[in-house]
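Chemist: One structure coming up, written as structure tokens, with questions to follow.
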Amino acid sequence: MASTESILQGVLVLGHVSEAYRKILTPDALAFLALLQRSFNPTRKALLERRKLRQAELDKGALPDFLPETRHIRENATWKGAPPAPGLVDRRVEITGPTDRKMVVNALNAEVWTYMADFEDSSAPTWDNMVNGQVNLYDAVRRQVDFKQGPKEYKLRTDRTLPTLIVRPRGWHLEEKHVTVDGEPMSGSLFDFGLYFYHNAFEAVKHGFGPYFYLPKLESHLEARLWNDVFNLAQDTIGMSRGTIRGTVLIETILAAFEMDEIIYELRDHSSGLNCGRWDYIFSVIKKFRQNSAFVLPDRSCVTMTVPFMDAYVKLLIQTCHKRGVHAMGGMAAQIPIKDNAAANDKAMEGVRADKLREARAGHDGTWVAHPALASIATDVFNKHMPTPNQLFVRREDVVIGPNDLLNMNVPGEVTEAGIRKNLNIGLGYMEAWVRGVGCVPINYLMEDAATAEVSRSQLWQWVRHSVTTAEGKRVDKAYALRLLKEQVAELSKAAPKGNKFQLAAQYFATQVTGEDYADFLTSLLYNEITSAGNPSPASKL
């Protein structure tokens, strides 16, 4: 094998490298990143081009269907995914959140079974957020993450086994512009995965779990195949047995819903199941069919988990996972406690309970919460309705889902001015926080992340594009959308502290709500606002 120094030729680090970062950005780790980038970035870019071609077909009116060329995979009942790995047999309640040190300690101290440490939708990918997150996870795996903040101490509990750590890297579409390999920005996915895996894979196994990942934003089984190839090369390179890595795929795009069997098949030795990424899934439906008037949806509050296309997606996911012996994870409860209004808090928590009850009864093997206070509600529901570690035996053979079920947009409800203003507030509120480097933000007692901001801006674009009429009788056009945007910006700016970035957020948001330009992702649109590339440092000199 080539020497580290020769591999690092052409690798530059453009972000500031503090003393704390040096334990993560070591020459050997950067050489590992370069190996991944050179091996897989061409395929990644080709798959992103394939997404564009698929979008062009949908824009012309094509509709997705189950793939005829992979029917033999779907119809072969004999193959299975990997059996649940250590620390992943029981996943009844998973907490998710960014990788800042306080969140890491609080999540690992929560009464949950796993913690998904998120470099994706709940993190704004500033250089400091991404590398500090790696430092924090490095320390967390080694149980050395305790720290003091002012008078307060944050310490990992010692009275119980800590939740299993699962890491979510960024999606295939995102880049890490602070590291370049041969003149090209590093893949954000490979950067996040590679640094965590290289430093922590063997250490995690020592602590009774393994290098486990959540894989976001996949649109096809070929993108799952790429992850599987990455896993194999990574394990081979450090001398780890294949199959030690496990990946749970978030089914959060409508196209992936048509390839769930195939996605598990591609990852089968590394598969730990699928997850219902509900908000991104709604975003994907609007995004992919944004030119098709048959897919116009009413106010976001009307698009619940019980409407036909969401219900079909959940049923098919559970059936598919359990047929293949892997977990079918439920979705996010984004509520946070309402401390100053007991009645409103009770109502919100009752909504959480009902949602988790629906998931447990449907056959899910676990669920997500965004706040530790919700863990007890989810735990109570799953303990009562799932006394076993999982429900892999619930086969859901009663379910028959076809393409028309997954594409059934019969969603009762209307578009209202209140719904438009709510979408504007969520989109602006999230984007303003994001350009300040904050990736999840509480708005109206919900923890909003990139997914809900995407739903908000995509609905606004869709309503203008198709000239919907509100319940109040107003036609939604460009002028109306921009007028309401201006009003909401003024209202939010007035209430926010000095130095806020609502005007900057509004400049970007205004390009996305007129039914004209449509960015592939808000995070890609905004990314240059939070990059801080400085003088390049050759990786070999770090």
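The values are calculated or read from the model by the stated rules, or taken from the named source; none is laboratory data. What you see is a predicted model; the values in this text were computed from it and never measured. Please note: Cβ atoms are built from the backbone with ideal geometry, for glycine as well, and neighbour counts cover all protein chains shown. Calculation scope for accessible area: heavy atoms of the full protein, side chains included, ligands and nucleic acids excluded. Shrake-Rupley method; radii C 1.70, N 1.55, O 1.52, S 1.80 Å.
Chemist: Report the label-to-label distance for K339 and V89 in nanometres (one decimal), using points 7 Å from each Cα along the Cα→Cβ vector.
Modeler: Reported label-point gap for K339 and V89 is 3.9 nm.
Chemist: How big is the charge dipole of region 310-358 about its Cα centre, in debye rounded to the nearest 20, if each Lys and Arg gets +1 on its Cβ and each Asp and Glu gets -1 on its Cβ?
Modeler: With Lys and Arg at +1 and Asp and Glu at -1, about 300 debye.
Chemist: Take the Cβ-Cβ distance between D59 and T511 as r, set R0 to 30 Å, and report the resulting FRET efficiency rounded to the nearest 0.05.
Modeler: Here the calculated transfer efficiency is 0.95.
Chemist: Residues with amide H under 5 Å of S271's amide H, sequence separation 5 or more or different chain, H placed in the peptide plane at 1.01 Å from N; which?
Modeler: Under 5 Å from the amide H of S271: A82, G247.
Chemist: Just check region 263-391 against the gyration tensor rule for me: Cα atoms, a ≥ b ≥ c as the square roots of the eigenvalues, rounded for a/c under 1.5, and otherwise prolate or oblate depending on whether a/b exceeds b/c. List each step's numbers first, then the result.
Modeler: Working: a/c = 2.16, a/b = 1.09, b/c = 1.98.
The shape class here is oblate.
Chemist: How high is the relative contact order of the chain? Use alpha-carbon pairs under 8 Å, at least six apart in sequence, and give a whole percent.
Modeler: After rounding, I find 19 percent.
Chemist: What are the semi-axes of the equivalent ellipsoid for region 59-112, taken as the square roots of 5 times the Cα gyration tensor eigenvalues, largest first, in whole Å?
Modeler: Result for region 59-112: semi-axes of 38, 22, 8 Å.
Chemist: Rounded to the nearest 5, what % of DSSP beta bridges with both residues in the chain are antiparallel?
Modeler: Percent antiparallel among DSSP bridges in the chain is about 40.
Chemist: Rounded to the nearest 500, what is the chain's calculated 222 nm mean residue ellipticity when only DSSP H runs of at least 4 contribute -39500 (n - 2.57) each, over all residues? If you can, show how the numbers build up before the last one.
Modeler: Numbers: 19 runs with 243 residues, N = 542.
Computed ellipticity for the chain at 222 nm equals -14000 deg cm²/dmol.
Chemist: Which of the trypsin sites (Lys or Arg not before Pro) found in region 298-360 are in a DSSP loop and have at most 16 neighbouring Cβ atoms, other than their own, within 10 Å?
Modeler: Of the trypsin sites (Lys or Arg not before Pro), the ones in loops of region 298-360 whose Cβ has at most 16 other Cβ atoms within 10 Å are K339.
Chemist: On to the next question. Just to check I understand the Karplus step: with θ = phi - 60° and J = 6.51 cos²θ - 1.76 cosθ + 1.60, what whole-Hz values come out for region 150-163, glycine and proline as x?
Modeler: x, x, 8, 10, 10, 10, 5, 5, 10, 8, 7, 5, 6, x
Chemist: Continuing with the same structure: Please state the Cα pair-distance histogram of the chain with 20 angstrom bins from zero: what percent is in each bin?
Modeler: Pairs per bin, as whole percents: 22, 58, 20, 0.
Chemist: Moving on to the next point. Assuming R0 = 60 Å, what is the FRET efficiency of R475 and R22, from their Cβ-Cβ distance, to the nearest 0.05?
Modeler: Values: r = 58 Å, r/R0 = 0.97.
Rounded to the nearest 0.05, the efficiency is 0.55.
Chemist: Computed FRET efficiency, Cβ-Cβ of I238 and L156, R0 22 Å: what is it to the nearest 0.05?
Modeler: 0.25
Chemist: Same structure, new question: List the residues whose amide H sits under 5 Å from the amide H of G366, counting only those 5 or more places along or on another chain, with H placed 1.01 Å from N in the peptide plane.
Modeler: Residues meeting the amide H criterion: G330.
Chemist: Still on this model: So for region 135-284, considering every pair of alpha-carbon atoms, how many percent are separated by more than 24 Å? The partial results should precede the final answer.
Modeler: Values: 4487 of 11175 pairs.
Of the Cα pairs, 40 percent sit more than 24 Å apart.
Chemist: Considering the Cα positions of region 467-542, please state its Rg to one decimal place and its Dmax as a whole number of Å.
Modeler: When restricted to the Cα atoms of region 467-542, Rg and Dmax are 18.3, 65 Å.
Chemist: If I model a spin label at A495 and E5 as a point 7 Å from the Cα along the Cα→Cβ vector, what separation in nanometres do I get?
Modeler: Going from the A495 label point to the E5 one covers 6.0 nm.
Chemist: Hey, any idea what % of the chain's accessible area is carbon plus sulfur with a 1.4 Å probe?
Modeler: Carbon plus sulfur share of accessible area: 51 percent.
Chemist: What are the membrane-span-like helices in the chain by this rule: whole DSSP H runs, Cα extent along the axis at least 24 Å, mean Kyte-Doolittle hydropathy at least -0.5?
Modeler: Values: long enough: 27-59 (46 Å, -0.44); 188-206 (27 Å, 0.25); 221-238 (26 Å, -0.21); 342-362 (30 Å, -0.80); 417-434 (25 Å, -0.21); 478-495 (26 Å, -0.12).
Span-like helices here: 27-59, 188-206, 221-238, 417-434, 478-495.
Chemist: While we're looking at this one, here's another question. Using 0.36 nm per residue of separation minus the Cα-Cα distance, give me the extension gain between Q503 and A519 in nm, one decimal.
Modeler: Working: separation 16, 0.36 × 16 = 5.76 nm, distance 1.89 nm.
Taking 0.36 nm per residue and subtracting the Cα distance, the gain is 3.9 nm.
Chemist: May I ask you to evaluate 6.51 cos²θ - 1.76 cosθ + 1.60, the Karplus curve with θ = phi - 60°, for each residue of region 516-532 and list the ³J(HN,Hα) values in order in whole Hz, giving x for glycine and proline?
Modeler: Result, ordered by residue: 10, 4, 9, 6, 4, 9, 4, 5, 5, 4, 9, 4, 5, 5, 10, 7, 9 Hz.
Chemist: Just add up the charged neighbours of W113: K/R +1, D/E -1, any other residue whose Cβ is under 13 Å from the Cβ of W113.
Modeler: Overall, the nearby charge balance is -1.
Chemist: Find the accessible area per residue for the chain; the probe is 1.4 Å, ligands and nucleic acids are left out, and the unit is Å². Before the final figure, lay out each step's value.
Modeler: Details: 20940 Å² over 542 residues.
I get 39 Å² per residue for the chain.
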